[in-house]
1. Per residue, what accessible area does region 116-233 have, given a 1.4 Å probe and all protein chains present, in Å²?
2. I want to check the label-to-label distance for F17 and A289. Put each point 7 Å from Cα in the C-beta direction and report it in nm to one decimal.
3. With springs only between Cα atoms under 10 Å apart, run a GNM on the chain and tell me which of Y173, Y221, Y247 wobbles the most.
4. For the chain, modelled as a GNM with alpha-carbon contacts under 10 angstrom, which of I56, I146, I241 fluctuates the most?
5. Over the chain, what number does the Rg to Rh ratio reach, with both radii from the alpha-carbon atoms and Rh per Kirkwood?
6. Hey, how many Å between the Cα centroid of region 47-122 and the Cα centroid of region 189-229?
7. Counting pairs of alpha carbon atoms under 8 Å apart in space and at least six apart in sequence, what relative contact order in percent does the chain give?
8. Starting at the first residue of region 162-179, write each ³J(HN,Hα) from the Karplus equation 6.51 cos²θ - 1.76 cosθ + 1.60 with θ = phi - 60°, in whole Hz, x for Gly and Pro.
Amino acid sequence: MSQAAAPSVETAPSQRFALTALILGGAAIGGSPIFVRLSEVGPMATAFWRVALALIPIFIFSLIKKDSGPKPEKLSDYAMLILPGVILAADLAAWHLSITMTSVANATLLANLAPVFVTVIGFIFFRAPVSRIFVMGLALALVGVIVLKGGPSAFGNGDLRGDGVAIIAAVFYAGYILAIGQLRSRFDTIRIMLWSTASAAVCVFPLGFFFEPQMLPPTAYGWAIVFGLAFVSHASGQVAIAFALAYLPAAFSSLTLLLQPVVAAILAWVLLNEAIGPMQALGGLVVLAGIMIARRG
């Protein structure tokens, strides 16, 4: 992959620091399936609270950080800041819908095709060079995800329509990553996340309000779950990834999405007593090996 471009709105950290933020962000998002599974409201309502509640820490930090870099000046600037949120809302809706239409294994595996779409779209539309080593690492990481989820036989219990929706979710998330990556050359992390998160909440709310039986979690436990999803997976995870996208190529950054099923498997083992077998352990190691190889590319 090409080397990361120098940022224009923040002082460039070392690539090691940006990589650390990227890995931590991917790990934080990896916990989202656990939060969604434990949520007391439906998938669309959960998606709304995920972005709506995340606005609280993002907005507070935006007030603390007064020198937030260049501000949007034209209508097109505001449109570009809103666009990632619209795409993210479509991704969340498609992802949660796919879980209800096909097997969880299929939905997870196919949604993790996002790095492939990021690489292809970046190469075709943005002329981002792609090395053979990176492609090898990407392919190996994808194989690791398949092994982690039980091998090729994991695809056997799905639904064709649900599988298609999961692929659409992967395309939308690829678009989200690329949109954030383009914005990071002009605006700072918090400004981008504030606008994109707010627009995502506005777009997801009607889906939850009209298609879910209830919007409000009925217990304090339910509120704790959606607050955890918002603060950990979005306000921490997505912000860390958006920060790293200023200093690392979008295709490589999207590859950290493949850490999510690894983290989800570990959390399911710790919190839900779902055992990790030899195949899952092997798959996790293969994913990590693929990411390390891709980094060299």
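1. Values: 5770 Å² over 118 residues.
Ligands and nucleic acids excluded, the result is 49 Å² per residue.
2. Taking the simple label geometry, F17 and A289 are separated by 3.4 nm.
3. Answer for the Gaussian network model of the chain: Y221.
4. I56
5. 0.95
6. Distance between centres, Cα-based: 12 Å.
7. Numbers: 494 pairs, mean separation 128.4, N = 297.
Averaging sequence separation for qualifying contacts and normalising by length gives 43 percent for the chain.
8. x, 4, x, 5, 5, 5, 4, 4, 4, 5, 4, 5, 4, x, 5, 4, 5, 5
The values are calculated or read from the model by the stated rules, or taken from the named source; none is laboratory data. Predicted, not measured: the structure shown is a model, and the values here were computed from it. In this analysis, Cβ positions are derived from the backbone assuming ideal geometry, glycine residues included, and neighbour counts consider all displayed protein chains. The area values use the complete protein model at the heavy-atom level, side chains included, leaving out ligands, DNA and RNA. Shrake-Rupley method; radii C 1.70, N 1.55, O 1.52, S 1.80 Å.
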